[in-house]
1. Quick check on packing: order 130-141, 79-90, 5-16 by the mean number of other C-beta atoms within 10 Å, highest mean leading.
2. Could you quote the convex hull projected area for the chain, Cα atoms only and averaged over all directions, in nm²?
3. Give, in nm to one decimal, the length gained when the segment between GLN118 and ARG97 is fully stretched (0.36 nm per residue of separation minus the Cα-Cα distance).
4. Say a paramagnetic label sat at a point 7 Å from the Cα of TYR3, along Cα to Cβ; which residues of segment 23-37 have their backbone N under 18 Å from it?
5. Can you give me the orientation-averaged projected area of the convex hull built on the Cα atoms of segment 1-51, in nm²?
6. In deg cm²/dmol and to the nearest 500, what is the mean residue ellipticity at 222 nm of the chain if only DSSP H runs of at least 4 residues count, each as -39500 (n - 2.57), divided by the residue total?
7. Considering only Cα-Cα distances, which of the following residue pairs are longer than 23 Å: LYS99/LYS158; LYS105/LYS158; LYS78/LYS99; LYS32/LYS105; LYS78/LYS158?
8. Project the alpha carbons of segment 74-173 onto their principal axes and report the range along each, largest first, in whole Å.
Amino acid sequence: MSYTAESVDVIVIGGGHAGIEAAFASARLGLKTIIFSMTLDFIGNLPCNPSIGGTAKGHLALGGEMGKAADYATIQSKMLNRGKGPAVHSLRVQADRNKYHTYMKSALENQENLYVKQAEIVDILTEDKKVTGVVTHLGVTYPCKAVILATGTFLRGKIFVGENEYYGGPDGL
């Protein structure tokens, strides 16, 4: 037996840096948005490196919630590239993973027009070359007008342990 949910404007797949910022941007534009994460316990998890800022992730944080969460969860901070010109100086902070996750999950849950769902998305539906919705691993269909894929390391991630390899994601997912 399948179930079809109420239609939304945007569905974001993934609860990491990019997915979180995309969901906030969409909802703050007034679009009815759902963000899906395989588990709500891993929203904003920082599995690979609990640092925010620097010359890469720092640019993603501009104007978004990421900087606020980093300020809230900072353990230490450092200015990078001090030996170079001011154009490449870049602040990086080490964040407490649990505090960062707790902040981001709460911020998402309290954002108007934004709904947080736990499910694995197994299919993206299209009709006439246009996205029409997604399907969860439990067979629930969520109709939508747009899908943003922000799966990070979870999309067919491959784990290597010595000579062995298998598909998986960070922290055992």
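Coordinate-derived values only; no laboratory data. Every value quoted in this text rests on a predicted model; they were computed, and no experiment measured them. Cβ: placed from backbone, ideal geometry, glycine included. Neighbour counts: every protein chain shown.
1. Working: 130-141: 15.1, 79-90: 10.7, 5-16: 20.9.
Ranking the peptides 130-141, 79-90, 5-16 by packing returns 5-16, 130-141, 79-90.
2. Details: hull surface 52.3 nm².
So the mean shadow area of the Cα hull is 13.1 nm².
3. Numbers: separation 21, 0.36 × 21 = 7.56 nm, distance 1.96 nm.
Taking 0.36 nm per residue and subtracting the Cα distance, the gain is 5.6 nm.
4. Counting backbone N atoms under 18 Å from the label point, the list is 34-37.
5. Details: hull surface 18.5 nm².
Over all viewing directions, segment 1-51 projects a mean Cα-hull area of 4.6 nm².
6. Values: 4 runs with 38 residues, N = 173.
Rounded to the nearest 500, the figure is -6500 deg cm²/dmol.
7. Values: LYS99/LYS158 28 Å; LYS105/LYS158 27 Å; LYS78/LYS99 19 Å; LYS32/LYS105 18 Å; LYS78/LYS158 32 Å.
Table pairs above 23 Å Cα-Cα are LYS99/LYS158; LYS105/LYS158; LYS78/LYS158.
8. 54, 47, 30
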